[in-house]
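To start, the structure under review is shown below, and the notes come after it.
Values in this text are rule-based calculations from the coordinates and carry no lab data. The structure displayed is predicted, hence computed values, not measured ones. A quick note on method: Cβ atoms are made from the backbone with ideal geometry, for glycine too, and the neighbour counts reach across all protein chains shown.
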Amino acid sequence: MTGRIISADSHVNLSHQDIKAHLAARYHDEYDRAFSRWSNRRGDNDGRQKVNLGSHMSRPGYRDAAAHIVDMDTDGIDAEIVYCEVSAFRYLYLMSEGGPEATRAFNDALGDYGSVDPKRLIVSYQIPIHDIDNAVSEVERVAATGAKSLQLPVFPTELGLPDYVDERYDRLWSAIQASGLPICCHTGFNTHLDDLHRRDPTPQAGITIPMMALSCAEALGMWILGGLLERFPDLKVVFVEPGLGWVAWWVRYVDVMVTKHAYVFPALSELPSFYFHRNIFVTFMEEVVAVQHLRHEVGVSNMLWATDYPHPPTTWPHSQAIIDEQFHSVPDEERQLIVGGNAARVWSL
């Protein structure tokens, strides 16, 4: 196969010390208090340890950019879109002072990581959404430094805020649209699933984990059916780790709601699938059936392959063989788009 291989999803585990190295010392105690308040609120010690993190989480590349590059070379990966394990937008707004400064410090620490090789490590800068003025300012600031990727919360309601269809966000969408940068919404543990996680009888949260991907249907509906992409037609929205199979069903289903069951979505002038195929992108790792049989339902131009390095489901260090297995009968032109070409276009690489 010719062409680049780009992972649309990998991870770095920044330490709080990395972040505070960019933050004035007078804000350090307040930073720590805000993170502790968030951790206590979520009950992060209430049993989440039962999820097996897997052996690759101990690799140096999880924290060290140079070692990350070495692991990419081992796997034959040209570039990776990198997301931080620490979700700054979940706790920085709890700081009584220094929140904007801490946001800049957080993103500067991410920038340090990517600076080891900015053509291969594409970090996703996090944009807190409680203060829209600060959010717009941070989008413009990181865009001016050459940023390629933005990360926003999947569910603003987790943070006590209105859904993204609310007009309070319009200035933010305008700023992001003007920047040309994609909005990345990474699935993960969220408060909507807290009760299920507590009730989950399996030792490794086996009931809860698949629901994290499926819960993206709510966010997908807000972006599309709520009319956001009608009003901001040039936005690029990437859902990270939702998978493919259920997405193919969802896109067909919401169209059928209109064409056969007379549902009306007043905010839309086109079928829902129009906005999905124009504006939405989804990542996956290993889905042979979907790649072989559903790729045209999802959209060959909407699919982004990923390693999820170094998380438990990661394809590392066998990504080449896994790609070959999934794409064995897929035309080379389509394969090249899914494993690299689409990502190069979305992130302007």
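The ranking of Asp9, Asp78 by Cβ neighbour count inside 10 Å, starting from the fewest, reads Asp78, Asp9. When the label point is put 7 Å from the Cα of Arg33 along its Cα-to-beta-carbon vector, which residues of the range 91-134 have a backbone N closer than 12 Å? Only 94-98 pass the distance filter. Largest mean-square fluctuation among Asp29, Asp194, Asp163, in a Gaussian network model of the chain whose springs join Cα atoms under 10 Å apart, belongs to Asp29.
Within the shell of other residues whose beta carbon sits under 10 angstrom from the beta carbon of Ser124, the net charge comes to 0, with Lys and Arg scored +1 and Asp and Glu -1. Here the sum of -39500 (n - 2.57) over DSSP H runs of 4 or more residues, divided by the residues of the chain, equals -12000 deg cm²/dmol at 222 nm, to the nearest 500.
How much of the DSSP bridge set in the range 6-346 is antiparallel, in percent, rounded to the nearest 5? Walk me through the numbers before you get to the answer.
On the way: 0 of 24 bridges.
Restricted to the range 6-346, the bridges split so that about 0 percent are antiparallel.
Within the shell of other residues whose beta carbon sits under 15 angstrom from the beta carbon of Ala135, the net charge comes to -3, with Lys and Arg scored +1 and Asp and Glu -1. Taking the chain as a Gaussian network of alpha-carbon nodes connected by springs under 10 Å, the highest mean-square fluctuation of the residues Leu304, Leu244, Leu193 belongs to Leu193.
The residues packed around Phe265, meaning those with a beta-carbon under 12 Å from its beta-carbon, carry a net charge of -3 if Lys and Arg are +1 and Asp and Glu are -1.
Given +1 at the Cβ of Lys and Arg, -1 at the Cβ of Asp and Glu and no other charges, the dipole of the range 48-163 around its Cα centre is 300 debye to the nearest 20. Calculated FRET efficiency, Asp170 and Asp195, Cβ-Cβ r, R0 30 Å, to nearest 0.05? Result of the calculation: an efficiency of 0.35.
Relative to the Cα centre, what is the charge dipole magnitude of the range 6-346, using +1 at the beta carbon of each Lys and Arg, -1 at the beta carbon of each Asp and Glu, and rounding to the nearest 20 debye? Don't skip to the answer; put the middle values down first.
Details: 28 positive and 46 negative charges, 81 e Å.
So the dipole magnitude of the range 6-346 works out to roughly 400 debye.
Excluding same-chain neighbours fewer than eight residues apart, the aspartates and glutamates reachable from Lys20 by a Cα-Cα span under 18 Å are Asp29, Glu30, Asp32, Asp64, Glu85, Glu97, Glu101, Asp108, Asp112, Glu138. With springs only between Cα atoms under 10 Å, which of Gln204, Gln336, Gln126 fluctuates most in a Gaussian network model of the chain? Top of the fluctuation ranking is Gln204.
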